[in-house]
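The values are calculated or read from the model by the stated rules, or taken from the named source; none is laboratory data. Note that the structure is a prediction, hence the values are computed from the model and not measured. Methodologically, a virtual Cβ is constructed for each residue, glycine included, from the backbone with ideal geometry; neighbour enumeration extends over all protein chains shown. When the accessible area is computed, the model is the full protein with side chains, heavy atoms only, and any ligands, DNA or RNA have been set aside. Shrake-Rupley method; radii C 1.70, N 1.55, O 1.52, S 1.80 Å.
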Amino acid sequence: MLFFITRAKRYGDILMEVEMKGQNPYTIAFGIKPNQYISRPEVVDEIVSTFNSETPPYMACILTGVRGCGKTVAMTSIAKEMKDYSRWIMINVNPERDILQTIASALYENPILKPLFSKADINISIAVAGVSIHQENVPVHMAVTVGKMLSLIKTAGKRVLIMLDEVVNNEFVRPFVSQYQIYIREDLPIYLLMTGLYDNISDLQNEKTLTFLYRMPKIVLEPLGLYLVSQDYKKVFNISDEEAVEMAKLTKGYSFAFQALGYMRWKYDGEPWEKVLDEYDNQLDRNVYAKLWSELSDRDREFLIIMSEGIEDVSMIREKLNMKSNQMAVYRRRLIDKGLIRENGHGKVIYCLPRFAEIIKKWQLFE
């Protein structure tokens with residue numbers, strides 16, 4: 001029942017092995033690092049090595065991609081790597097709470113840092129109480145206090161990594177990001193790793209005081225390699241190369257699909273494949289696609305519905321939509337940026353997500 005786990009270390013063996021019995025090694029829950037997963041060493045290594053360099057080219061980065069592509073798991077993997085370096089103080093923050101206050105409290109309660117703050121007479125309770133003056137919606141006393149803490153941390157040779165998962169444009173994120181820009185200008189050792197959906201990142205970037213976010217490096221999480229997916233399935237289910245490849249193709253390398261198909265194959269072991277496939281579609285629909293669909297404009301949906309009919313030629317889609325070329329370019333680009341479609345040769349597009357056409361067709365039956 002226990003899993004035999006071999007942790008992927010950078011470019012070594014990136015598959016985790018399990019004994020084929022007992023608990024399901026895959027998961028359909030979001031934000032949880034599954035027991036059976038495929039790591040992204042190139043992403044982890046880029047960020048870890050950059051943040052650890054003496055003169056990093058950037059001190060903040062955004063991981064983005066379609067819902068369910070593995071952003072949170074990638075951030076977790078990065079945090080696990082960073083823990084191997086004693087210079088780092090890592091803080092997870094909730095985008096729905098006062099971020100500066102969370103950072104101040106976490107730093108103040110850190111047993112390594114607390115003697116530094118006590119010696120400098122830094123008192124969090126005083127900073128919290130004195131919030132009558134505001135600048136850009138940031139409590140001045142709290143912003144100044146965190147700045148003083150970071151200065152002391154710099155003298156101690158430490159660095160702070162703030163991890164903000166599923167960033168949104170709200171009253172907590174805006175002032176923090178604005179203040180973060182000031183800390184960077186002051187050469188303070190505060191690093192920022194954020195994850196977010198394309199629309200949420202774009203919405204935040206378009207704030208008039210936060211346009212510097214356009215210059216912040218963004219890493220779009222690409223699909224998992226189909227070979228690695230097939231090898232994982234082959235090892236876990238003890239199946240042939242041919243069957244493992246067919247299963248991998250059904251996922252298109254999409255992280256949630258990799259987990260969902262493995263989960264259903266394990267759960268319905270011994271039952272007809274149609275049962276596995278039907279439950280797989282159900283999980284894609286309920287957990288990801290229905291939400292993605294609800295966030296699209298009517299025109300976006302029409303574009304994707306036409307594609308579900310097997311039409312990949314952009315000019316044919318444009319004719320069916322009765323659109324001008326410049327209008328078509330906007331919708332096409334937006335769907336590409338959202339991670340829903342990709343170019344497939346000159347003038348053609350295809351879905352990025354597995355079974356999307358089949359699920360869209362099922363939805364049309366209920367229209």
Normalised per residue, the volume of the convex hull around the Cα set of the stretch 317-360 (Å³): 80 Å³
Under-5 Å amide H pairs with I341, H placed in peptide plane, nonlocal only: I336, C352
Accessible-area composition of the stretch 252-350, carbon plus sulfur, in percent [1.4 Å probe]: 44 percent
Range of Cα positions in the stretch 286-351 per principal axis (Å), largest first: 32, 22, 22
Formal net charge of residues neighbouring N282 (Cβ-Cβ distance under 13 Å; K, R +1; D, E -1): -1
For the stretch 95-107, Karplus couplings with θ = phi - 60° (6.51, -1.76, 1.60), whole Hz, Gly/Pro x: x, 9, 9, 4, 6, 4, 5, 4, 5, 4, 5, 5, 5
The chain, dipole about Cα centre (Lys/Arg Cβ +1, Asp/Glu Cβ -1), debye to the nearest 20: 840 debye
log₁₀ of I(q)/I(0) at q = 0.16, 0.17, 0.18 Å⁻¹ - the stretch 47-130, Debye sum with one point per alpha carbon: -0.85, -0.93, -1.01
Choice from Q181, Q327, Q101 showing the highest fluctuation, given a GNM over the chain with Cα pairs closer than 10 Å: Q327
Net lengthening on full extension, E319/V220 (0.36 nm per residue, minus Cα-Cα): 32.5 nm
Degrees between helix 325-337 axis and first principal axis of the chain (Cα, 0 to 90, nearest 10): 70 degrees
Table column - 3J(HN,Hα) (Hz), the stretch 55-63, Karplus curve with 6.51, -1.76, 1.60, x for Gly and Pro: 10, x, x, 8, 10, 8, 8, 10, 9
Kirkwood-type radius of the stretch 214-318, with distances r between different C-alpha atoms, in Å: 15.9 Å
Cα-based convex hull, the stretch 146-273, per residue volume (Å³, whole number): 166 Å³
Charge sum, other residues only, whose C-beta stays under 11 Å from D313's C-beta, Lys/Arg counted +1 and Asp/Glu -1: +1
Rh by Kirkwood over Cα pairs, then Stokes-Einstein D for the chain at 1.567 mPa s and 4 °C, µm²/s: 57 µm²/s
Where E358, E246 fall by accessible area, highest first, once all protein chains stay in place (1.4 Å): E246, E358
Share antiparallel - DSSP beta bridges, the chain, percent rounded to 5: 25 percent
Between the stretch 212-266 and the stretch 69-123, the Cα center-to-center distance that results, in Å: 32 Å
Cross-link pairs beyond the 26 Å C-alpha cut-off, checked among K158/K208; K148/K218; K252/K275; K320/K362: K158/K208; K148/K218
Lys, Arg +1 and Asp, Glu -1 on Cβ, resulting dipole of the stretch 249-361 about Cα centre, debye, nearest 20: 440 debye
Charge-dipole axis of the chain as Lys and Arg at +1 and Asp and Glu at -1 on Cβ define it, positive-most pick from I32, T211, M75: T211
FRET E, pair V144, K208, Förster distance 30 Å, beta-carbon r, rounded to 0.05: 0.80
Structure-based [θ]222 nm, the chain - -39500 (n - 2.57) summed over DSSP H runs of at least 4, per residue, nearest 500: -14500 deg cm²/dmol
Ranking by accessible area, most exposed first, for K252, K208 with a 1.4 Å probe: K208, K252
Estimated FRET transfer efficiency when R0 is 25 angstrom, pair I311-K249 (beta carbons, to 0.05): 0.70
Unit charges at the beta carbon, dipole of the stretch 235-308: most positive-side option, F256, L277, N238: F256
